[in-house]
1. From the list Phe116, Phe164, Phe95, Phe190, which one is in contact (Cβ under 8 Å) with a residue 60 or more places away in the chain and aromatic (Phe, Trp, Tyr)?
2. Scanning for something part of a helix (DSSP H, G or I) and under 19 Å from the mean Cα position of the chain (by Cα), does the range 141-157 turn up at least one residue?
3. Condition test on Ala48, is it aliphatic (A, V, I, L, M), touching a Leu at 6+ places or on another chain (Cβ under 6 Å), buried (at least 18 other Cβ atoms within 10 Å of the Cβ) and assigned to a strand (DSSP E or B)?
4. Could you tell me which of the residues Ser168, Ser188, Ser183 is among the polar types (S, T, N, Q) and more than 23 Å from Thr12 (Cα to Cα)?
5. Suppose we keep only residues that are within 20 Å of Phe95 (Cα to Cα) and over 15 Å from the mean Cα position of the chain (by Cα) within the range 8-30. Which one would you say is surrounded by the most Cβ atoms within 10 Å (Cβ to Cβ)?
6. Would it be correct to say that Lys89 is farther than 29 Å from Asp142 by Cα and without any contact (Cβ under 8 Å) to a residue 40 or more places away in the chain?
7. In the list Ile260, Ile209, Ile228, Ile176, which residue meets the criterion of being among the β-branched types (Val, Ile, Thr), surrounded by fewer than 16 Cβ atoms within 10 Å (Cβ to Cβ) and touching a strand residue (DSSP E or B) at 6+ places or on another chain (Cβ under 9 Å)?
Amino acid sequence: MRIPIFQVDAFTSRVFGGNPAAVCPLPRWLPDAKLQAIAAENNLSETAFFVRKGAAYELRWFTPVLEIDLCGHATLASAHVLFSHLGYKKDEIVFQSRKSGELRTSKKRGWLYLDFPAREPAPVEAPPELIKGLGRVPIEVDKGRDYLALFEMEADVAAISPDFAELSRLDCIGIIATAPGDSSDFVSRFFAPRAGVPEDPVTGSAHTILIPFWGKRLGKTRMKAFQISARRGELRCEWRGERVLIGGCAVTFMKGTIEI
């Protein structure tokens, strides 16, 4: 069986930046074990698979070790593949996900915008593993799907040298470290060692938590954000109550074929 594969750098306008995702359009769903094996072979933070269903596309995301409930950069990458390589003509794509419902992606002036559910976090006591894992004490800790650790300034987030063994002991998908940005509304980094992704370069799903968190804190509905990993990503953010818009660019790095 031959499967097309694209590797796309998401949340960036240049190759070697942002977050690389593999995207595999499928004519029909393969067994889960086969999808997981492909993702493990790709060894990227996420591989996205989609199958057309009527006017929409069923979409799933796999890390090298497990399937996840929501992924922003691989959704952005999937939309980029449809718009740029597969001849999709409309300005909006409807994706159907198993655990996060309907997700829409639109394009406007060279940017792609994800319409995702907002996930407002709630304050919690900082677990010892979180403090040990990040190597410093946050000024506030919240939790939604992921832990969110708030720091005073961008330099604090940039200076984190994670202990992944400690962070992997936490009962969550990932850990977000965030602070006000020097040249943006906020910055972040994202660590997910339990999902097989020690540090994710740019994490759209984390911004479903970050956008309502910073929207309330700053009194804003529109914000600019950077994820300050080594590859760095830029995001345009909008808080719409129960939904968020997450904007970014994408660029194709590679096209090929899988033979299995």
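Every number in this text was worked out from the coordinates using simple rules, so none of it is lab data. This one's a predicted model, so the numbers in the text were calculated from it and none came from an experiment. As a convention, Cβ positions derive from the backbone with ideal geometry for all residues, glycine included, and neighbour counts pool all protein chains shown.
1. Values: Phe164 fails: in contact (Cβ under 8 Å) with a residue 60 or more places away in the chain; Phe95 fails: in contact (Cβ under 8 Å) with a residue 60 or more places away in the chain; Phe190 fails: in contact (Cβ under 8 Å) with a residue 60 or more places away in the chain.
That would be Phe116, the only listed residue that is in contact (Cβ under 8 Å) with a residue 60 or more places away in the chain and aromatic (Phe, Trp, Tyr).
2. yes
3. no
4. Residue meeting the stated conditions: Ser168.
5. Cys24
6. Yes; evaluated as a whole, the condition is true for this residue.
7. Ile260
Here's the yes/no breakdown for (1) touching a residue at least 24 places away in the same chain (Cβ under 8 Å); (2) among the charged types (D, E, K, R); (3) within 23 Å of Leu35 (Cβ to Cβ):
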position	(1), (2), (3)
Ala195	yes, no, yes
Leu210	yes, no, no
Ala225	yes, no, no
Arg232	yes, yes, no
Arg243	yes, yes, no
Gly248	yes, no, no
